[in-house]
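**Student:** Quick one: this structure, given as structure tokens, is what I'll be asking you about.
The values are calculated or read from the model by the stated rules, or taken from the named source; none is laboratory data. What you are looking at is a predicted structure, and each value in this text was computed from that prediction instead of being measured. For neighbour counting, all protein chains shown are included, and Cβ atoms are generated from backbone atoms with ideal geometry for every residue, glycine included. Surface areas here come from the heavy atoms of the whole protein model, side chains and all, with no ligands, DNA or RNA. Shrake-Rupley method; radii C 1.70, N 1.55, O 1.52, S 1.80 Å.
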Amino acid sequence: EKGGFRHFMLKEIYEQPQAVLNTFRGRLNPETGEISLPEISLLPEEIQRISKIFIVACGTSYHAGLVGKYLLERWVGIPVEVDLASEFRYRHLLIDNHTLAIPISQSGETADTLAGLRMARQMGAKIISICNVLGSTITRESHGTIYTHAGPEIGVASTKAFTSQLTALLLLTFYLAQARGTSPEGCRELLSALVAVPGILENWLPKWHKTSEEIAQRFYKARNFLYLGRNIHFPIALEGALKLKEISYIHAEGYAAGEMKHGPIALIDEQMPVVALAPKDHVYEKMVSNIEEVRSRRGQVISLVTEGDETLPEVSQATIHLPQVVPEVSPIVATVPLQLLAYEIAVTLGCDVDQPRNLAKSVTVE
Ligand code: M6R
């Protein structure tokens, strides 16, 4: 049942090329750049009317939502708020019938996300959920659902569901951008980038796995880890840290790299591994300075850099290479080595990665 893999989590990490493909298959036409999502049963005038988007989710799905904010604001031009469902449901919400709410949930049964959905719906919002489980409660209570089609996810740590959620958010972004006539040209290019992702993951998985094993052997004894990223990779820093803490019980925090000076830099010493997401993008130089700050306090830098970058590997104690991709699909790609790193560290420590202590696959109570 684990298809020859030692754990479901590892099997599911390796299923990501297929999971991402399943999410976009049949929904896009790379030649025309057209997206078809008939499941979003919104009329063109309803789409025109949207003035605000709320994304509501928990855990890993919340991190997908944070990436979604960057995508939607950039390509659709509608302000997006991303809320933890447990906060969303108890705050004063400014929602009306010009609001689109997007609950994101692998299981479709998370209690807080469901409660948030019901509130938003009652206040007049249209609800389009992103979900992996057919017929789950969240899908039944939404106006429409974009299914991720990642296949069943058994490991408690979410892996392929996450990269599929990122894929679904890209599709939704392009769909709304087309419906509202914002940047249709740019979208076409991004679609070809998305179509290339399964092949890229397939190629890179073995290399990433090998590198993660090596890095795990060097760092598994650390009691704390810091993950840093900026812009669209900031949520991936959060996700990398969540993966590590939930399966290895090592304390890990994700931070926006620019926040270092506002507190966390005080933690840095030679005992502190810092995983820095620093692909070549418009905030690359900023990441380089953050890494230098870490180094000057003798922190141990594990950097994720674009292939061909010769600067950062020289100042880093360990390097994970990433393929050159456009920023919009980069979070999907950068996530996979971080899942493998968390996995290898947890396995080295002898942890039960598929069934971590205190955690349930689906949190159906508040
Ligand atoms: O099923 P959902 O996506 O609604 O679940 C949300 C969280 O409970 C889930 O992502 C959790 O954080 C995972 N253990 C993360 O790996």
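**Student:** Those residues that are closer than 22 Å to P17 by Cα and either touching a helix residue (DSSP H, G or I) at 6+ places or on another chain (Cβ under 8 Å) or surrounded by 22 or more Cβ atoms within 10 Å (Cβ to Cβ) (or both), I need them from the stretch 206-236; list them, please.
**Tutor:** W208, H209, T211, S212, E213, I232, H233, P235, I236
For every residue, the table says whether it meets (1) surrounded by 14 or more Cβ atoms within 10 Å (Cβ to Cβ); (2) within 16 Å of the chain's Cα centre (by Cα); (3) within 18 Å of L170 (Cα to Cα); (4) of a type outside the set (S, T, N, Q).
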{"site": "E1", "(1), (2), (3), (4)": "no, no, no, yes"}
{"site": "G4", "(1), (2), (3), (4)": "no, no, no, yes"}
{"site": "E12", "(1), (2), (3), (4)": "yes, yes, no, yes"}
{"site": "L66", "(1), (2), (3), (4)": "yes, yes, yes, yes"}
{"site": "Y70", "(1), (2), (3), (4)": "yes, yes, yes, yes"}
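**Student:** Kindly evaluate I78 against the criterion of being touching a helix residue (DSSP H, G or I) at 6+ places or on another chain (Cβ under 6 Å) and not aromatic (F, W, Y).
**Tutor:** No: the conditions fail for I78.
**Student:** Follow-up question, since we're still on this one. Of the residues P79, P103, only one is touching a strand residue (DSSP E or B) at 6+ places or on another chain (Cβ under 6 Å) and more than 16 Å from the ligand (Cβ to nearest atom); which?
**Tutor:** One residue alone meets the criteria, P79.
**Student:** Still on this structure, I have one more. Answer with yes or no whether I332 is assigned to a helix (DSSP H, G or I) and within 19 Å of Y62 (Cα to Cα).
**Tutor:** yes
**Student:** Provide a single number: the residues in the stretch 16-64 that are closer than 27 Å to F88 by Cα and within 16 Å of the ligand (Cβ to nearest atom).
**Tutor:** Result for the stretch 16-64: 11.
**Student:** Between E239, E328, E310, which is at pLDDT 95 or above, surrounded by 15 or more Cβ atoms within 10 Å (Cβ to Cβ) and more than 16 Å from the ligand (Cβ to nearest atom)?
**Tutor:** E328
**Student:** Only one of (1) surrounded by 24 or more Cβ atoms within 10 Å (Cβ to Cβ); (2) within 13 Å of the ligand (Cβ to nearest atom) fails for L169. Which number is that?
**Tutor:** (2)
**Student:** Scanning for something under 29 Å from M272 (Cα atoms), within 18 Å of the chain's Cα centre (by Cα) and not aromatic (F, W, Y), does the stretch 213-226 turn up at least one residue?
**Tutor:** yes
**Student:** Sticking with this one: Is one or more of the residues making up the stretch 121-129 within 22 Å of I154 (Cβ to Cβ), surrounded by 21 or more Cβ atoms within 10 Å (Cβ to Cβ) and in contact (Cβ under 8 Å) with a residue 24 or more places away in the chain?
**Tutor:** Within the stretch 121-129 (the criterion being within 22 Å of I154 (Cβ to Cβ), surrounded by 21 or more Cβ atoms within 10 Å (Cβ to Cβ) and in contact (Cβ under 8 Å) with a residue 24 or more places away in the chain), the answer is yes, since at least one residue qualifies.
**Student:** Any idea which residue in the stretch 339-366 is least open to solvent (accessible area, probe 1.4 Å), counting only those that are in contact with an Asp or Glu (Cβ under 7 Å, 6 or more places away or on another chain) and within 14 Å of the ligand (Cβ to nearest atom)?
**Tutor:** So, considering only residues that are in contact with an Asp or Glu (Cβ under 7 Å, 6 or more places away or on another chain) and within 14 Å of the ligand (Cβ to nearest atom), the one least open to solvent (accessible area, probe 1.4 Å) is P356.
**Student:** Follow-up question, since we're still on this one. Can you tell me which of (1) open to solvent by 10 Å² or more (accessible area, probe 1.4 Å); (2) out of contact with any helix residue (DSSP H, G or I) (no Cβ under 7 Å at 6 or more places or on another chain); (3) within 14 Å of the ligand (Cβ to nearest atom); (4) closer than 26 Å to L28 by Cα is the one A111 doesn't meet?
**Tutor:** (4)
**Student:** Let me ask something additional. Cβ-Cβ under 7 Å, sequence separation 6+ or interchain: first residue in the stretch 64-82 and free of Cβ contacts under 8 Å to residues at least 12 places away in the same chain, partner of a type in the set (D, E, K, R) and open to solvent by 10 Å² or more (accessible area, probe 1.4 Å). Which pairs?
**Tutor:** none
**Student:** In addition: If you scan the stretch 30-40, which residues turn out to be within 21 Å of S129 (Cβ to Cβ) and surrounded by fewer than 12 Cβ atoms within 10 Å (Cβ to Cβ)?
**Tutor:** Result: P38, single match.
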